[in-house]
Amino acid sequence: MAGLQPVKGTYDLLPKERALHRHVSETARSICERYGFNEVITPIFEFSEVFSRTLGETSDVVTKEMFSFVTKGDDQITLRPEGTAGICRSFISNGLQQETPVKHFYYGPMFRYERPQKGRQRQFHQVGIELIGVDSPQADIEVVAAGYHFLKELGFADVVTLELNSLGDSESRNAYREKLVAYLSPFEDRLSEDSKKRLVTNPLRILDSKDEGDREIVKDAPLLGECLNETSQAFYDEVKRGLDMLGVPYVENPRLVRGLDYYCHTAFEFTTNTLGAQGTVLAGGRYDGLIKMMGGPQVPGVGWASGVERLALMLGEDKVKLPRPIMVIPAANDHQDEAFLVANRLRQEGYIVEQGYSGNFKKRLNKANKLNAFVAIIVGMSECNEGEVMFRDLNTGDQVQVSVDGLPALIERAKG
Ligand code: ATP
Ligand code: MG
């Protein structure tokens, strides 16, 4: 039965992987909170329009990767492929323009119908931030710095590279589009099928093509930087100055364009060469026209999203350990209830406590080792007095008799 396998491109996160995963998302949350971003949760699905109108009808995400379905009520629904569009929809729905600047953090599953491979799933998770309502470069600087701080906190400062570019304002991009089309048109026959279409619909997207042939052609294309008008250049210079000031290292990549349609000015990606082909771990930029395009007010925004699975892969499995429990063991089966009561009491006090459930004393002690317990508490040993239990530090093997009231002090000492 096919139903016994997870659906292609999806997978289960068992406790160890989940712990690793949570380390990534919790680190993101706590760092982003320092920058004033608080968590929101928007729905996992939205009306398809929320994505098709904003991500650009020509983007890969919209043309190929969306998980869409029609509800019994005939609504066209899409499982969200990314977070920004939903956050902006929510900004409009909740009338948040009264409260700008709005600073949101999010974490959750995203869905894209892609060819699964290492670091690329059909259901994956992103953390991300959006700063809405600030049009000065200060916002871009703060957003990029928060991303860097997050990756640094995970220990990746030396293995990621921040690539930075400016896409300019719409005047600059229009000027560039003309130049680019003039350059690409003679190569039209050699472009991939997708890029032939993009030449008409959205030529900038060709710069982001993963097709080898396209890349070869694009290599010598004119650069967007040559078309930046004065305002756009000043904006870009200010972002760079801010990053220099804060000590956030970057390299300029004049060919960096983002896969989605709604970006302007700042575009950036943190990449690594430790993950093979799937090298981008955090990416974002400024999206001043997006909220208006969705039917809301003209409010600017800037943000990023980061792939949790890719960062978890980079951390490696050993990086995060499950918490070590305390094991409570009855010396013999007729002390089961007493053991349960001791376990219960320690749990009320906040400790992580396991019981062996079955088997003799020795078997349960083996289980304690398997669970990586750091303490065993043996209940009902004949040498113990009334109200006492045996406390065994499993790191040192030391053993003492102690009243149940005296346990927390010994446990704290054993924690070290
Ligand atoms: P890529 O070029 O790798 O397809 P993208 O440009 O589509 O990335 P974004 O839309 O910018 O990616 O998403 C931000 C981050 O989310 C990526 O940098 C990556 O870490 C992660 N991500 C995107 N798609 C997937 C996926 N299918 N599986 C796992 N992580 C993903
Ligand atoms: Mg992609």
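The values are calculated or read from the model by the stated rules, or taken from the named source; none is laboratory data. A quick note: this is a predicted structure, and the numbers were derived from the prediction, not measured. Glycine gets a Cβ as well: all are built from the backbone with ideal geometry, and neighbour counts include every protein chain shown. Side chains are part of the model used for accessible areas, which takes the heavy atoms of the whole protein and leaves out ligands, DNA and RNA. Shrake-Rupley method; radii C 1.70, N 1.55, O 1.52, S 1.80 Å.
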Computed about the Cα centre, the charge dipole of the stretch 118-198 from +1 Lys/Arg and -1 Asp/Glu charges at the Cβ has a magnitude in debye, to the nearest 20, of 520 debye
For the chain, longest principal axis from Cα atoms; helix 230-246 axis from its Cα atoms; angle between them, nearest 10 degrees, is 30 degrees
Inter-part gap, Cα centre of the stretch 254-290 to Cα centre of the stretch 340-376, in whole angstrom, is 49 Å
Scattering profile of the chain from the Debye formula, Cα beads only, expressed as log10 I(q)/I(0) at q = 0.11 Å⁻¹, is -0.87
With the 1.4 Å probe rolled over protein heavy atoms, the stretch 16-135 has an accessible area per residue in Å² of 47 Å²
Hydrodynamic calc, the stretch 175-223: Kirkwood Rh from Cα pairs, then Stokes-Einstein at 37 °C with viscosity 0.692 mPa s, so D in µm² s⁻¹ is 316 µm²/s
Calculated from DSSP helices alone, with each H run of at least 4 adding -39500 (n - 2.57) and the total divided by the residues of the chain, [θ]222 nm to the nearest 500 comes to -11000 deg cm²/dmol
Mean Cβ-within-10 Å packing, highest first, puts peptides 321-328, 223-230 in the order 321-328, 223-230
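With charges only on Cβ, +1 for K and R and -1 for D and E, what is the dipole size of the stretch 98-140 about its Cα centre, in debye, rounded to 20?
So the dipole magnitude of the stretch 98-140 works out to roughly 540 debye.
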In degrees, nearest 10, the alpha-carbon axis of helix 170-184 is tilted away from the dominant principal axis of the alpha carbons of the chain by 80 degrees
Plugging the Cβ-Cβ distance of GLU178 and ILE77 into 1/(1 + (r/R0)^6) at R0 = 41 Å yields, to the nearest 0.05, a FRET efficiency of 0.60
Of all DSSP beta bridges with both partners in the stretch 326-415, the antiparallel percent, nearest 5, is 55 percent
Result for the stretch 326-415: accessible area per residue, probe 1.4 angstrom, in square angstrom, of 56 Å²
Of the candidates PHE361, LEU407, PHE340, the farthest towards the positive dipole end of the stretch 326-415 (Lys/Arg Cβ +1, Asp/Glu Cβ -1, centred on the Cα centre) is PHE361
Given a Förster distance of 60 Å, the FRET efficiency implied by the Cβ-Cβ spacing of CYS384 and THR63, rounded to the nearest 0.05, works out to 0.25
Ordering 389-395, 208-214 by per-residue average of other C-beta atoms within 10 angstrom, highest first, gives 389-395, 208-214
Rounded to the nearest 10 degrees, the helix 137-153 long axis (Cα) sits at an angle to the longest Cα principal axis of the chain of 40 degrees
GNM on the chain, Cα springs under 10 Å; top mean-square fluctuation among PHE45, PHE105, PHE361 goes to PHE361
Of every hundred units of 1.4 Å-probe accessible area on the chain, the number belonging to carbon and sulfur atoms, as a percent, is 50 percent
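Taking square-rooted eigenvalues a ≥ b ≥ c of the alpha carbon gyration tensor, is the stretch 1-55 rounded, prolate or oblate, where a/c under 1.5 means rounded and, failing that, a/b exceeding b/c means prolate?
Note, shape of the stretch 1-55 comes out oblate.
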To the nearest 20 debye, the chain has a Cα-centred charge dipole, built from +1 on Lys and Arg Cβ and -1 on Asp and Glu Cβ, of 1020 debye
Expressed in angstrom and rounded, the centroid-to-centroid distance over alpha carbons for the stretch 109-186 and the stretch 34-98 is 18 Å
Between ARG190 and GLU26, Cβ-based FRET efficiency (R0 45 Å, step 0.05) works out to 0.40
GluC sites (Glu not before Pro) in the stretch 36-126 lying in a DSSP loop, each with at most 15 other Cβ atoms within 10 Å of its Cβ, come to GLU57
At 10 °C and 1.306 mPa s, the Stokes-Einstein diffusion coefficient in µm²/s for the stretch 326-415, with hydrodynamic radius from the Kirkwood sum on alpha carbon pairs, is 125 µm²/s
Rounded to two decimals, the Debye log10 I(q)/I(0) of the stretch 1-147 (Cα scatterers, no solvent) at q = 0.12, 0.15, 0.17 Å⁻¹ is -0.60, -0.92, -1.13
Per residue, accessible area of the stretch 175-223 with a 1.4 Å probe, heavy atoms of protein chains only, in Å², comes to 58 Å²
Applying the gyration tensor rule to the Cα atoms of the stretch 100-161 (axes a ≥ b ≥ c; rounded if a/c under 1.5, else prolate if a/b exceeds b/c, else oblate), the class is oblate
Flagged as over-length at 19 Å C-alpha distance, from LYS179/LYS219; LYS16/LYS319; LYS16/LYS362; LYS197/LYS292; LYS64/LYS196, the pairs are LYS16/LYS362; LYS197/LYS292
Taking Cα atoms only, Rg over Rh for the stretch 91-221 with Rh from the Kirkwood formula is 1.03
